[in-house]
1. Would it be correct to say that G71 is out of contact with any Ser or Thr (no Cβ under 7 Å at 6 or more places or on another chain), open to solvent by less than 30 Å² (accessible area, probe 1.4 Å) and within 10 Å of the ligand (Cβ to nearest atom)?
2. Give the residues of the stretch 147-172 that are open to solvent by less than 50 Å² (accessible area, probe 1.4 Å) and not in a helix (DSSP H, G or I), sorted by residue number.
3. When the residues of the stretch 37-51 are narrowed to those that are among the hydrophobic types (A, V, I, L, M, F, W, C) and within 15 Å of the chain's Cα centre (by Cα), which ends up nearest to Y89 (Cα to Cα)?
4. Considering each of E191, E222, E217 in turn, give the residue that is open to solvent by 30 Å² or more (accessible area, probe 1.4 Å), in contact with a helix residue (DSSP H, G or I) (Cβ under 8 Å, 6 or more places away or on another chain) and modelled with pLDDT of 95 or more.
5. Counting residues that are in contact (Cβ under 8 Å) with a residue 12 or more places away in the chain and farther than 14 Å from L153 by Cα, which helices (runs of 4 or more DSSP H) fully inside the stretch 62-139 reach at least 2?
6. For the stretch 38-62, enumerate the residues that are over 15 Å from L119 (Cα atoms), open to solvent by less than 30 Å² (accessible area, probe 1.4 Å) and among the hydroxyl-bearing types (S, T, Y).
7. Can you tell me which of A166, A112, A132 is in contact with a Phe, Trp or Tyr (Cβ under 6 Å, 6 or more places away or on another chain) and assigned by TED's automatic domain parsing to the domain that holds L31?
8. Looking for whichever is crowded, with 17+ Cβ neighbours inside 10 Å, more than 21 Å from T196 (Cα to Cα) and within 13 Å of the ligand (Cβ to nearest atom) here; the options are M35, M22. Which one fits?
Amino acid sequence: MGYLESSTLICRQERGVLTLTMNRAEALNALTSEMLDALIAALTAAESDDEVRVVVLTGSGRGFSAGQDLGELNNKEGQFSVETQLRQYYRPLIQRVANFAKPTIAKINGVAAGAGAALAMACDFKLMDRRARFHLAFSQMGLVLDSGASYFLVHALGRTRALELAFFGGSLSAQDALALGLVNQIAEPGELDGLTDEWTERLVLGPQLAFRLIKQELRQAEGASLGEILELETAFQIEAQASLDHQRAIDAFMNKQPNPFGRHVTPPK
Ligand code: T3D
C-alpha cells in the first residue's frame, strides 16, 4: 500500500517496517495541524495494511519533536482554542498510537518536548540517542501535562516520581530516562539506526497474533481486576494456541529445530 507523502511527514515502507519521519527539522519537528493530520492518516492506513508489521516514529535533523508548533498556535488564536487543538488533533493521535494493534517504536533521535515527549511515550518501545533528551517543562510555562503525558508518566514511574518530574522536571537526559524506565535502550552517537534495525527485525520476525494480543492484555491489565484479566488471558490463549505461529513453534521445539521467531533474548543495556 502507498502512503501519502506530505512535506511535513516522510513515510517509508520497507520489509514490514513503516517509518514515519516528522520533517520540519528547522523547527525541531514542532507539530503543525498539517503534520498531525498526516500522522493520523498514516497510522490509520497502517493499522489495516498487512504489509506493515512494525511502525517506527522519528524526527529529521537534530530533534524528535518540540511539541505543538507555538507559532501556528499563536496565528490560530481566535479561530482555534486549546480545547479544539487538543480534542481535534492530540486526543485522536495519542489514542491511535497507544491503542495501535501492531508494535510501535519511538526512535528518539533528539529532543522530545511537550506533546512530542508524550507522543514518544505513547509508543510501545523507546530507543534513544545518548545525546537526546525529554523536555517536560509544562509547569515552567504555567501549563499542565497534556497529550496523555500525565497518564504515561504516572503509569511508568508511579505518582511520587511523576509529580517530581512534572513539577520540577525540565530536561531529562537519556541516561536519566533509562534509569527511570522511560526508555528501553540508549544508543551511542551514530548507532541509533543500527539499534532500531535490530529491534524492528526481531519484531518483524515475531508472532504477529501473539504480539497483538499481548499488547491488548497489558493495556487492559492497567485498569482491570485480577479476575477480569484471568478471563481475558483465557480467551486470548485459546486464540493464540490455535494459531499457525504456535504450531510452527511447537513443531520446531519437538524436532529440536531453532525457534521460528529468531533470537528471543533481552537486549544488552
Ligand atoms: O493547543 C495546545 O496547546 C496543544 C498543546 C500541546 C502540548 C505542547 O506540546 S505544548 C509545548 C510546546 N513546546 C515547547 O514549549 C517547547 C519549545 N521549545 C523549546 O523549549 C526549545 O526549542 C527546546 C528545549 C525544545 C530545544 O532547545 P534548543 O536550544 O535545542 O533549540 P532552539 O534554538 O530553542 O530551537 C531551534 C529552532 O526550533 C528555533 O527556531 P529558529 O530560532 O532557529 O528559527 C525555535 O524557535 C524552533 N522551535 C523549537 N520549538 C518550537 C519551535 N518552533 C515552533 N514551535 C516549537 N514548539
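The values are calculated or read from the model by the stated rules, or taken from the named source; none is laboratory data. Predicted, not measured: the structure shown is a model, and the values here were computed from it. Glycine gets a Cβ as well: all are built from the backbone with ideal geometry, and neighbour counts include every protein chain shown. Just the protein is used for accessible areas: all its heavy atoms, side chains included, with ligands, DNA and RNA removed. Shrake-Rupley method; radii C 1.70, N 1.55, O 1.52, S 1.80 Å.
1. Details: out of contact with any Ser or Thr (no Cβ under 7 Å at 6 or more places or on another chain): yes; open to solvent by less than 30 Å² (accessible area, probe 1.4 Å): no; within 10 Å of the ligand (Cβ to nearest atom): yes.
The answer is no for G71.
2. The answer is S147, G148, G158, G169, G170, L172.
3. Pass one, the stretch 37-51, residues among the hydrophobic types (A, V, I, L, M, F, W, C): 38-43, 45-46.
Applying the additional criterion that residues be within 15 Å of the chain's Cα centre (by Cα) yields 39-40, 42-43, 46.
Details: L39: 10, I40: 8, A42: 14, L43: 13, A46: 18 Å.
Filtering first and then ranking leaves I40.
4. Answer to the selection: E217.
5. On the way: elements: 70-76, 82-85, 91-98, 115-122.
Once the helices (runs of 4 or more DSSP H) in the stretch 62-139 are filtered for at least 2 residues that are in contact (Cβ under 8 Å) with a residue 12 or more places away in the chain and farther than 14 Å from L153 by Cα, what remains is 70-76, 91-98.
6. S60
7. A112
8. M35
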